[in-house]
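Input: a single structure, listed below in structure tokens.
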Amino acid sequence: MLKGAKIAIIGLGKIGGALARSLVRNKIVSKENIVGTTGHRDSAREAAKRYGIKTLTDNVRAIADAHIVILAVKPQTMKKVLLELKDAIRDDQLLITLAAARTTRFIEDILQRAIPVVRAMPNTPCLVNAGMTVLCPGRHATKEHVAVARQIFASVGLVAVIDNEELMDAVTALSGSGPAYGYIIIEALAEGGVKVGLPRSLSTVLAAQSLLGAAKMVLETGEHPALLKDEVTTPAGVTIDGIMALEDGGIRVTLIKAVDRATEKSKELSQ
């Protein structure tokens, strides 16, 4: 589907750079067909060496021959970039936006044209090809446009698609912010290991790999997390005492509140 497609990545930051690297490494798009932009000449030269692609500081020039334009810029700079590109964007180009709290309607209204836009919410584990990206099409995006976006983000992890863009605030709060919650849990578990005598380096690996393995079990078995938990929790065993301590600390309610509050914050930013 992407064979021969030319892609412009506006903003070769962490996620933009990860996409460029994975698309080339997985031979989804040839490096000759990808151009990226950065804000300064020095960073452009550095990015060109790192990713092996053509890199510019001129966004308008970068999208001139592109079939797909990936807007990997921060939410606060999105309007400025769109106004810069407004007269250069063609109706036959697909725009994919990565900016949190910036809706497809926001982009469509600025461009004032029937441009196909797909909104993507990837998370930072995309940097290690273990990301989660949720896609949502704008008013003028077709199933084919979504399929193209899916293929791009499949190069850095799992992909899901939703049609109700209002849910993207919840997606941002759960999978977008989720890695931060996971890091806190790993850090806390590692501290627990240190408290009971484990070396810190070993304790951190044990905590991280345990969560990685648990996540893989959920994804690959398709079982409900509660059932998998029960398989580990033997009667009168070690695990049930640990779970009782977690429940006593209100871990479930705390995590639910984290997602709820982050969703409300995302809604505020969107407005």
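Among the residues of region 130-141, those identified as open to solvent by less than 60 Å² (accessible area, probe 1.4 Å) and either over 26 Å from Lys216 (Cα atoms) or within 12 Å of the chain's Cα centre (by Cα) (or both) are Gly131, Met132, Thr133, Val134, Leu135, Pro137, Gly138, Ala141. Taking the condition among the β-branched types (Val, Ile, Thr) and within 17 Å of Gly178 (Cβ to Cβ), does Val259 pass? So Val259 fits the description; yes. If you go through region 252-268 one residue at a time, do you hit one that is out of contact with any helix residue (DSSP H, G or I) (no Cβ under 9 Å at 6 or more places or on another chain), modelled with pLDDT of 95 or more and surrounded by 15 or more Cβ atoms within 10 Å (Cβ to Cβ)? Taking every residue of region 252-268 in turn, none turns out to be out of contact with any helix residue (DSSP H, G or I) (no Cβ under 9 Å at 6 or more places or on another chain), modelled with pLDDT of 95 or more and surrounded by 15 or more Cβ atoms within 10 Å (Cβ to Cβ).
Within region 59-77, can you find the residues that are in a loop (DSSP other than H, G, I, E, B), open to solvent by 70 Å² or more (accessible area, probe 1.4 Å) and within 30 Å of Ser270 (Cβ to Cβ)?
His67, Lys74, listed by residue number.
Scanning region 105-121 for residues that are in contact with a Ser or Thr (Cβ under 7 Å, 6 or more places away or on another chain) and over 22 Å from Ala64 (Cα atoms), we see that the one that is surrounded by the most Cβ atoms within 10 Å (Cβ to Cβ) is Met121.
So if I check each of Asp169, Asp248, Asp260, which one is free of Cβ contacts under 8 Å to residues at least 12 places away in the same chain and among the acidic types (Asp, Glu)?
Asp248
Restricting attention to region 26-58, the residues being touching a residue at least 40 places away in the same chain (Cβ under 8 Å) and either surrounded by 23 or more Cβ atoms within 10 Å (Cβ to Cβ) or part of a helix (DSSP H, G or I) (or both) number 1.
The values are calculated or read from the model by the stated rules, or taken from the named source; none is laboratory data. Please read all numbers here as calculations on a predicted model, not as lab measurements. A quick note on method: Cβ atoms are made from the backbone with ideal geometry, for glycine too, and the neighbour counts reach across all protein chains shown. Heavy atoms of the whole protein, side chains included, go into the accessibility calculation; ligands, DNA and RNA do not. Shrake-Rupley method; radii C 1.70, N 1.55, O 1.52, S 1.80 Å.
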